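Notes for the one structure printed next.
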Amino acid sequence: VFHGQILARRLVGQETRYEVEVKAPYRQRFPLVSREYLWVPNTCGCPVLREGGEYLLMAKRHVNHEHTLNRILLPDDGYARPWTPREARLVREAARHC
């Protein structure tokens, strides 16, 4: 779970790739760097993330069986909400209890 700002969007094959500036990680199961690519497995970009927008994102690390692909994936049913200070507070509180 992290707070990120969408810098760019690009269609790559049958997927949408977002360039994201990581503003703040809240709960990490894998390390994040300041700039990441977030992949969505469709070309509609659903959920729709607009360039310049800031979001609270819950993504997962996707590694294929051959270990040749290692990326951050936001599935179709992934969590992507517009970031607000209230959302950030709720996530920090939840992280303390989980």
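Among residues of the stretch 46-98 being assigned to a strand (DSSP E or B) and β-branched (Val, Ile, Thr), the one that is nearest to residue 19 (Cα to Cα) is 72.
Only one of the listed residues (15, 54, 36, 21) is surrounded by 11 or more Cβ atoms within 10 Å (Cβ to Cβ) and over 12 Å from the mean Cα position of the chain (by Cα). That residue is 15.
Checked against the criteria, residue 1 counts as closer than 24 Å to residue 95 by Cα and modelled with pLDDT under 90. Is there a residue in the stretch 34-52 that is under 14 Å from residue 7 (Cβ atoms) and aromatic (Phe, Trp, Tyr)? Within the stretch 34-52, one or more residues are under 14 Å from residue 7 (Cβ atoms) and aromatic (Phe, Trp, Tyr).
Of the residues making up the stretch 11-59, those that are free of Cβ contacts under 8 Å to residues at least 24 places away in the same chain and not aliphatic (A, V, I, L, M) are 13, 17, 19, 21, 31, 34. Yes or no: residue 43 outside any strand (DSSP E or B) and surrounded by 11 or more Cβ atoms within 10 Å (Cβ to Cβ)? When the stated conditions are applied, residue 43 passes them. Residue count for the stretch 20-74 satisfying the condition of being charged (D, E, K, R), within 22 Å of residue 84 (Cβ to Cβ) and at pLDDT 80 or above: 6. Note on the stretch 61-91: among residues that are of a type in the set (Ser, Thr, Tyr) and more than 18 Å from residue 12 (Cα to Cα), the one that is most open to solvent (accessible area, probe 1.4 Å) is 79.
Would a scan of the stretch 7-28 turn up a residue that is among the hydrophobic types (A, V, I, L, M, F, W, C) and not in a strand (DSSP E or B)? Scanning the stretch 7-28 turns up no residue that is among the hydrophobic types (A, V, I, L, M, F, W, C) and not in a strand (DSSP E or B).
The values are calculated or read from the model by the stated rules, or taken from the named source; none is laboratory data. Predicted model, so just to flag it, every value in this text is computed and none were measured. FYI the Cβ positions are ideal-geometry reconstructions off the backbone, even for glycines, and counts take in every protein chain you see. Ligands, DNA and RNA are excluded from the accessible area calculation, which covers all protein heavy atoms including side chains. Shrake-Rupley method; radii C 1.70, N 1.55, O 1.52, S 1.80 Å.
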